[in-house]
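Below is one structure, written out as structure tokens; comments come after it.
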Amino acid sequence: MNQGKGRFVTVEGIDGAGKTTHLRTIEQAWREAGHEVVCTREPGGTPVAESLREMVLHQPMDPLTESLLVFAARRDHLGQVIEPALARGAWVLCDRFTDATFAYQGGGRGFDEAVLSQLEQWVQQGRQPDVTILFDLPPAVAAARLRDARAPDRFEAQDVAFFERVRQGYLRRQAADPGRFVVVQADRTPDEVGAALLAALRERGVA
Ligand code: TMP
């Protein structure tokens, strides 16, 4: 087992970008390399945060309430799971993190990003992912992929215009901190996307 400095990698993209499949690709590569791997998700990852996730995904609420709940979930998740894992040298793979809040609540819902930045500082105390993988593709393609999926939650049920705003929200976050992001073009076959992803991870020293 490799010991040493932990890594914090987050995976992002609009609903239907295909990230679930590729999370498994990353997990497998890390396990084969001998790292302690912690796979987790947001909102969620602890009992408190999973309860908040249920509310956020299924109960009607205004954008400030939604933002407060995802940051409350994040606070618990960081304290209970992410920070302890990084402290013992684990490699943490998180399915969505704060970029999703800026993309969905900021971009999609049009909520005030200055308030989100304040919450980000309070909750994260400077903690940011080492690398963020953003699966990017046109929302119309993602929508076609989602059409046959399970019963949609409050986000999946949104229209293409909402997801175009979410996508632009992600791309603004990437433009503001390009060194942290790897943008993977997801409008390709799963094999092509997986190969591009693994190459990018190796280049960033997170493979
Ligand atoms: P998932 O289906 O990819 O697990 O994500 C759950 C949904 O929650 C997804 O539609 C994006 C949304 N979400 C937010 O709106 N804000 C957030 O901060 C996070 C982490 C997710």
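The values are calculated or read from the model by the stated rules, or taken from the named source; none is laboratory data. Remember, predicted model here, so these are calculated numbers, not experimental data. Here Cβ is always computed from backbone atoms with ideal geometry, including for glycine, and neighbour counts include all displayed protein chains. For accessibility, only protein heavy atoms count, side chains too; no ligands or nucleic acids. Shrake-Rupley method; radii C 1.70, N 1.55, O 1.52, S 1.80 Å.
Listing for the model above:
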quantity	calculated
Residues (part of a helix (DSSP H, G or I) and surrounded by fewer than 14 Cβ atoms within 10 Å (Cβ to Cβ)) located in region 169-182	ALA175, ALA176, PRO178, GLY179
Test: residue in region 117-129 that is more than 16 Å from the ligand (Cβ to nearest atom) and without any contact (Cβ under 8 Å) to a residue 60 or more places away in the chain	yes
Qualifying residue in region 47-66 (condition: of a type in the set (Ser, Thr, Tyr) and either buried (at least 18 other Cβ atoms within 10 Å of the Cβ) or at pLDDT below 95 (or both))	no
Residue within region 8-20 that is more than 11 Å from the ligand (Cβ to nearest atom), modelled with pLDDT of 95 or more and open to solvent by 60 Å² or more (accessible area, probe 1.4 Å) present	no
Among the candidates ARG53, ARG31, residue that is free of Cβ contacts under 8 Å to residues at least 60 places away in the same chain, within 14 Å of the ligand (Cβ to nearest atom) and either under 18 Å from VAL206 (Cα atoms) or not in a loop (DSSP other than H, G, I, E, B) (or both)	ARG53
Unique match (being closer than 22 Å to VAL193 by Cα, at pLDDT below 95 and of a type outside the set (Val, Ile, Thr)) among ARG147, ARG96	ARG147
Residue satisfying all of: in region 21-37; in contact with a Gly (Cβ under 9 Å, 6 or more places away or on another chain) and of a type outside the set (D, E, K, R); most open to solvent (accessible area, probe 1.4 Å) among these	THR21
